[in-house]
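Data first, discussion second: the structure below is written as structure tokens.
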Amino acid sequence: TASAATVVAAQLPPHLHISAIPVSIVLGGLAANIAPAAAVAALKPGLSLATSTVLRTGIVCVGAKLSAAQILALGWTTVPAAACSVGVGVTFIPWLAARAGLAPR
């Protein structure tokens, strides 16, 4: 649906400012609801992988790209500060969640 969403979003009038992401979400929802049950069952293993591992990896890559670009725009002196804040977040948030009684996952 992502390539179809890109084609559909490219055909929309520019003043609407609609990207391929919401179009892809709508098309994916439509496809999931109108597809035959046999097709959904056949695609389930691939969809499980795509909605967990692949999606998470993509989100991390996009976030890292944006963060790296912003950090480098501010100069190399911000790299240690960014590394420290990521390290503190990765360490502190699970600790805080455990103290709050939340499950690790």
Of all the helices (runs of 4 or more DSSP H) wholly in region 31-105, which have at least 2 residues that are open to solvent by 60 Å² or more (accessible area, probe 1.4 Å), under 30 Å from Ala5 (Cα atoms) and at pLDDT 80 or above? 37-49, 55-74
Scan region 63-92 and report the pairs whose first residue is at negative phi and hydroxyl-bearing (Ser, Thr, Tyr) and whose second residue is assigned to a helix (DSSP H, G or I) and surrounded by 10 or more Cβ atoms within 10 Å (Cβ to Cβ), with Cβ atoms within less than 6 Å and a gap of 6+ or a chain change. Thr78/Ile71
Sort out which residues of region 8-25 are under 22 Å from Leu55 (Cα atoms) and open to solvent by less than 90 Å² (accessible area, probe 1.4 Å), and write them in order of number. Val8, Ala9, Ile18, Ser19, Ala20, Pro22, Val23, Ser24
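The values are calculated or read from the model by the stated rules, or taken from the named source; none is laboratory data. Quantities reported herein were computed from a predicted structural model and do not represent experimental measurements. Cβ coordinates were reconstructed from backbone atoms using ideal geometry, including for glycine residues, and neighbour counts include every protein chain displayed. Each accessible area value is taken on the protein alone, full model and side chains, heavy atoms only, with ligands, DNA and RNA left out. Shrake-Rupley method; radii C 1.70, N 1.55, O 1.52, S 1.80 Å.
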